[in-house]
Amino acid sequence: MPLYYFDFHDGHRHCFDDDGQEFPDIIAARDEAIDALFDVARDRRRAGDRSDCISSVSDESGRIVFSARLSLTPGWLT
């Protein structure tokens, strides 16, 4: 199975994946990257601040094959 690497950036921290994970194809790796963004959003929701989270997926050669951004802008409407 192909190996994919997942890097995340939330505007404050940048996490690099040095180990990678095996997935049957890029679609499965894409789904994992998107699921991880929603996990980050759940964690950031508690902080109550604006957040832009970026996830990128690289293949074994280091080429970025997928990228996704999730923007969270919570605010009270009065």
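The values are calculated or read from the model by the stated rules, or taken from the named source; none is laboratory data. Keep in mind that what you see is a predicted model, and the values were worked out from it rather than measured. Note that we place each Cβ from the backbone using ideal geometry, even for glycine, and neighbour counts take in every protein chain shown. What goes into the accessible areas is simple: the full protein's heavy atoms, side chains included, and nothing from ligands, DNA or RNA. Shrake-Rupley method; radii C 1.70, N 1.55, O 1.52, S 1.80 Å.
Annotations for the structure displayed:
- Among (i) 13.7; (ii) 14.4; (iii) 13.2, the entry that matches Kirkwood radius over Cα pairs in Å as calculated here: (iii)
- Estimated 222 nm signal from helices in the chain, with DSSP H stretches of n ≥ 4 weighted -39500 (n - 2.57), rounded to 500: -9000 deg cm²/dmol
- Evaluating 6.51 cos²θ - 1.76 cosθ + 1.60 at θ = phi - 60° for every residue in the stretch 69-78, the Karplus couplings come out as 10, 10, 9, 10, 10, x, x, 7, 9, 10 Hz, glycine and proline recorded as x.
- FRET efficiency, 1/(1 + (r/R0)^6) with R0 30 Å, evaluated for W76 and A36 via beta carbons: 0.60
- A DSSP coil position with no more than 10 other Cβ atoms inside 10 Å describes the following trypsin sites (Lys or Arg not before Pro) in the chain: R13, R46, R63.
- Between the residues G62, I27, H14, the greatest Cα displacement towards the positive end of the dipole of the chain, with unit charges on the Cβ of Lys, Arg, Asp and Glu, is found for H14.
- Computed FRET value (nearest 0.05) for R50 with D25, which takes r as the C-beta separation and R₀ as 22 Å: 0.05
- For the chain, relative contact order (Cα pairs under 8 Å, six or more residues apart, normalised by length) works out to 33 percent.
- Between M1 and R69, the FRET efficiency estimated from the beta carbon spacing at R0 = 35 angstrom works out to 0.85.
- Backbone amide hydrogens, once placed in the peptide plane, bring F23 within less than 5 Å of Y4, excluding anything fewer than 5 places away on its chain.
- Rounded to whole Hz, the Karplus (6.51, -1.76, 1.60) HN-Hα couplings of the stretch 11-18, x for glycine and proline: x, 10, 10, 10, 10, 9, 8, 8
- Our coupling estimate for the stretch 53-66, obtained by passing each phi through the Karplus curve with A = 6.51, B = -1.76, C = 1.60 and θ = phi - 60°, is 10, 10, 10, 10, 10, 10, 8, 5, 7, x, 7, 6, 10, 7 Hz, Gly and Pro reported as x.
- On the chain, 52 percent of the accessible area sits on carbon and sulfur atoms, based on a 1.4 Å probe.
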